[in-house]
Amino acid sequence: MAVTLDVPPGVLRLAERAWDDAHDKLSAAGTRLDGIVPAGLSTVVSTAVTAFLDVWSAEIATLVRQASAHAGAFADLDADLEITDAVEAARLRSLLPYAHRDATIRVV
Amino acid sequence: MASVTLPAPVAPLPVLISRPVGVLQLGNDLRAALVNGKDVQAWAEGSSGDAFGGQAADASRHALTRFSRRLDVTEAALESAVVATSRFEDRLARLSSQRLTLDGDRVGLNTALDDLRAEVAGASDAEVPLLQARADRLQQRAARLLADVVDWATRVADAEADFVAALARVDTFDDGRRAARDPGRAEVDGVLGRLGAGVADPAAVAAWWRLLSRAERQTVITEHPAIIGNLPGIPARDRDAANRADVGADVDELGTRVGQGEQLTSTERDRLANASAVSEILDDHRDDLDPRTGEHLLHLTQYQPDEHSGDGGVALFLGDPDRADHVAVYVPGTLSETGTLDGTLGNIDALHRAATDAGDGLVAVGFWLDYDAPSIDGLSPGELADLGSVVTPTEAAAGGDDLADYLDGLRASDTGPPAHLSLIGHSYGATTSSYAAHGGAPIDDLVLLGSPGAPTSTADALTSAEVHVGSADHDPVTLLGTDGPGGPGLPGPLGQDPAQDSFGGRRFEVDPGSYRVQDLLANHSSYFADESLDGVTGIVIGNDPDEVAGRQPGGYQTLDQLVLGSTVASGGEWLWERGNDAVDGLTGTVHDLAEGLLGLPYAFHPGR
């Protein structure tokens, strides 16, 4: 059994590219935060800055992984857009632009 | 020996460990990260934007919305940190300035003590009461100073504590979620809406900006750095913050993609090259401080990496033009691209140092390079189209309009009494500056260095500002405005030679330059040294330099006379050394120069 998601192929490629872009930009933001070495600051201030950055660098890393996973899911689609089950189809559909939120999921 | 009780010298002040420059860099990094985060947020919100049109329940289940909301939590936390950082930086800047004042008082007091001690050593008993009274006054002064130092140290500790507390308020995910839901969170659309049509009026922009809260300003800066960083009327410090964020975000994002092996488009490669060049300058000058204020020196007031066929547009200042008493803007000429700015920066650095040393007030010297200056060095086939602009004033006229807007913006964001504003153009930049002045740029002085021509026949017709002209006798480019197609003495391809006596400008002394033919082009690039630099420095700080006579018909060598005469005077040694190829090349050059237009590319020398 396979599942088909009824959307134009171009939409899926665009979605993949958009998530890739999101991944790249968030990676860049994360790299910037990770690269901050507090300088010219007192010890107490540096400690607070480091604690702050630890939390939000980690959070951005999580978002980077999510974006990458979403992009990867679109990239993994077969050329004929076959998906293994309806749950996965619904998940991918939820990542598409809102105009395609009601795209038909058909079991074939 | 007389006995007088003297107070102890005041010990050195505590060091300000957290420095404004350190906090500034932290803020720049946070803003750069926020810019890329907000780009993603804008996409995520836009992609699911329809969901907010009435089916919120449905949208809340949408993955894009969930992603967007989670990202918004991080954004809110970073926004809070940026605002706290901005406030902390301002407080530290004030404390740093106060420390300078206190330390000056301390040094003065200790000097007075040393003087008194020396007097006591040679005093008689009869002089003791008087000396003791002086000692007592110094004691009171020392006590007041020490109290001020304690108060200052307390305020340092308070500033640090407040900053640490501000960060602690958003250092967990739940804190960030609360910050994201805070009804008082600055909302960028509403902030921009208040500006409305005033965006085209620098004075309206400046007034709008003054009324925004710190949080609103920081939100707009990180949401729209490319707008705020280049908007006339926004203060230089805030333009700097926006542009640094934009530069950082560009380097980070495009660098990440290159690092992943991705092929960038041509436009993206240009953008990355320009961003990297600017970023390198910012890094090189990261720790430079204004010698008068102790605040960070370099302000990036324009960053347009995609403009001018990929050359990019950039402007910066050494010093804060909004607070300076004397402001000078330098417009370089040919070969002025964002990727190669070292020479231009060297010129304004020399002028800033000289003007700061020579004057009493605060000085800000910057360059503006946001026009399509001709590129002629090592031209690739793709750049040949630039040649046309070398020999026509088209780009100078268009650049002049933009330059006038930029100068209007400086006037609008100025604080305190209006600054003395000088516009200095070199080579093609002098022609561009002339167009800006002719278009009504609000300047006090116009300085034309090595000008190939101006658009009017007299200084009075050009501008109401004072017009100063630095033209070396042996600079061939300055002769292009004297031998136009109409004949000797008539305007050249870029207009009238402003060094002509009939033009009516104030020609000041510059070194005439070498009379060896092989040095002629170097003469065109020698205006930021020796007498010329002295003259420009004087103008920048409001002094009139020594004037010399303008060019009179028949009283100077024309372009072809200069080239041929200097060749003869050089004794042919240069040609001899280089053989026939050089002879052919020089012959061609002389021929082209004599013909005017095509020779211009050879006559120009990198303006940097």
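Have a look at B:A32, B:A51 and point out the one that is at pLDDT 95 or above, within 30 Å of A:A15 (Cβ to Cβ) and facing chain A (nearest Cβ under 8 Å). Don't jump to the end; show me each part of the working.
Details: B:A51 fails: at pLDDT 95 or above.
The match here is B:A32.
Considering only residues that are open to solvent by 30 Å² or more (accessible area, probe 1.4 Å) and within 7 Å of chain B (Cβ to nearest Cβ), which ones fall in the stretch A:22-56?
If we filter the stretch A:22-56 for residues that are open to solvent by 30 Å² or more (accessible area, probe 1.4 Å), which is where we start, we get A:23, A:25, A:31-32, A:34-35, A:37-39, A:43-44, A:47, A:50-51, A:54-55.
Across the stretch A:22-56, the qualifying residues are A:K25, A:T31, A:R32, A:P38, A:A39, A:V44, A:A51, A:V55.
Given the structure, is B:R177 in a helix (DSSP H, G or I), in the same structural domain as B:V365 (by TED's automatic domain parsing) and touching a helix residue (DSSP H, G or I) at 6+ places or on another chain (Cβ under 9 Å)? Break it down into steps so the answer makes sense when it comes.
On the way: in a helix (DSSP H, G or I): yes; in the same structural domain as B:V365 (by TED's automatic domain parsing): no; touching a helix residue (DSSP H, G or I) at 6+ places or on another chain (Cβ under 9 Å): yes.
Against the criterion (in a helix (DSSP H, G or I), in the same structural domain as B:V365 (by TED's automatic domain parsing) and touching a helix residue (DSSP H, G or I) at 6+ places or on another chain (Cβ under 9 Å)), B:R177 does not qualify.
Checking B:L231 against (1) surrounded by 15 or more Cβ atoms within 10 Å (Cβ to Cβ); (2) assigned to a helix (DSSP H, G or I), only one condition comes out false. Which one?
The one condition B:L231 does not meet is (2).
How many residues are facing another protein chain (nearest Cβ under 9 Å) and either over 34 Å from the mean Cα position of the chain (by Cα) or modelled with pLDDT under 95 (or both) if we restrict to the stretch B:162-175?
Residues flagged as facing another protein chain (nearest Cβ under 9 Å) and either over 34 Å from the mean Cα position of the chain (by Cα) or modelled with pLDDT under 95 (or both) within the stretch B:162-175 amount to 7.
Being in a helix (DSSP H, G or I), farther than 28 Å from B:D250 by Cβ and open to solvent by 60 Å² or more (accessible area, probe 1.4 Å) is true for just one of B:A204, B:A197. Which residue is that?
Going through B:A204, B:A197 in turn, just one is in a helix (DSSP H, G or I), farther than 28 Å from B:D250 by Cβ and open to solvent by 60 Å² or more (accessible area, probe 1.4 Å): B:A197.
Quick one: which of B:R134, B:R169 is open to solvent by 50 Å² or more (accessible area, probe 1.4 Å), within 30 Å of B:S97 (Cα to Cα) and in contact (Cβ under 8 Å) with a residue 40 or more places away in the chain? Walk me through it before giving the result.
Numbers: B:R134 fails: in contact (Cβ under 8 Å) with a residue 40 or more places away in the chain.
Residue meeting the stated conditions: B:R169.
Looking only at the stretch B:298-312, count every residue that is buried (at least 21 other Cβ atoms within 10 Å of the Cβ) and part of a loop (DSSP other than H, G, I, E, B) and tell me the total.
Selection size over the stretch B:298-312: 3.
Report, by residue number, each residue of the stretch B:430-486 that is open to solvent by 10 Å² or more (accessible area, probe 1.4 Å) and part of a helix (DSSP H, G or I).
Listed by number, the residues that qualify are B:Y435, B:H438, B:D460, B:A461.
How many of the residues making up the stretch B:524-541 are hydrophobic (A, V, I, L, M, F, W, C) and assigned to a helix (DSSP H, G or I)? Walk me through it before giving the result.
From the stretch B:524-541, those hydrophobic (A, V, I, L, M, F, W, C) are B:528-529, B:533, B:536, B:539-541; that's our starting set.
With assigned to a helix (DSSP H, G or I) added as a condition, the list becomes B:533, B:536, B:539-540.
Matching residues across the stretch B:524-541 total 4.
Return the residues of the stretch B:490-504 that are in a helix (DSSP H, G or I) and either open to solvent by 10 Å² or more (accessible area, probe 1.4 Å) or closer than 19 Å to B:T394 by Cα (or both); say none if nothing qualifies. Steps first, please.
Taking the stretch B:490-504 as the starting set, the residues that turn out to be in a helix (DSSP H, G or I) are B:501-503.
Residues satisfying the conditions are B:D501, B:S502.
Quick check: is even one residue across the stretch B:106-118 among the basic types (K, R) and either part of a helix (DSSP H, G or I) or open to solvent by less than 60 Å² (accessible area, probe 1.4 Å) (or both)? Walk me through how you get there before you give the answer.
Within the stretch B:106-118, the subset among the basic types (K, R) is B:106, B:117.
Next cut, either part of a helix (DSSP H, G or I) or open to solvent by less than 60 Å² (accessible area, probe 1.4 Å) (or both) only: B:106, B:117.
Looking for residues that are among the basic types (K, R) and either part of a helix (DSSP H, G or I) or open to solvent by less than 60 Å² (accessible area, probe 1.4 Å) (or both), one finds at least one in the stretch B:106-118, hence yes.
Quick one: what pairs do we get from the stretch B:231-255, first residue farther than 24 Å from B:L212 by Cα, second open to solvent by 30 Å² or more (accessible area, probe 1.4 Å) and of a type in the set (V, I, T), C-beta under 7 Å, 6+ apart or different chains?
Pairs that qualify, where the first residue is farther than 24 Å from B:L212 by Cα and the partner is open to solvent by 30 Å² or more (accessible area, probe 1.4 Å) and of a type in the set (V, I, T), are B:D252/A:T31.
Checking B:R185 against (1) open to solvent by 30 Å² or more (accessible area, probe 1.4 Å); (2) part of a loop (DSSP other than H, G, I, E, B); (3) modelled with pLDDT of 95 or more, which single condition isn't satisfied?
(3)
The values are calculated or read from the model by the stated rules, or taken from the named source; none is laboratory data. Note that the coordinates shown come from a computational prediction; the quantities given were computed from them, not determined experimentally. Neighbour counts run over all protein chains shown; Cβ positions are idealised from the backbone, glycine included. What goes into the accessible areas is simple: the full protein's heavy atoms, side chains included, and nothing from ligands, DNA or RNA. Shrake-Rupley method; radii C 1.70, N 1.55, O 1.52, S 1.80 Å.
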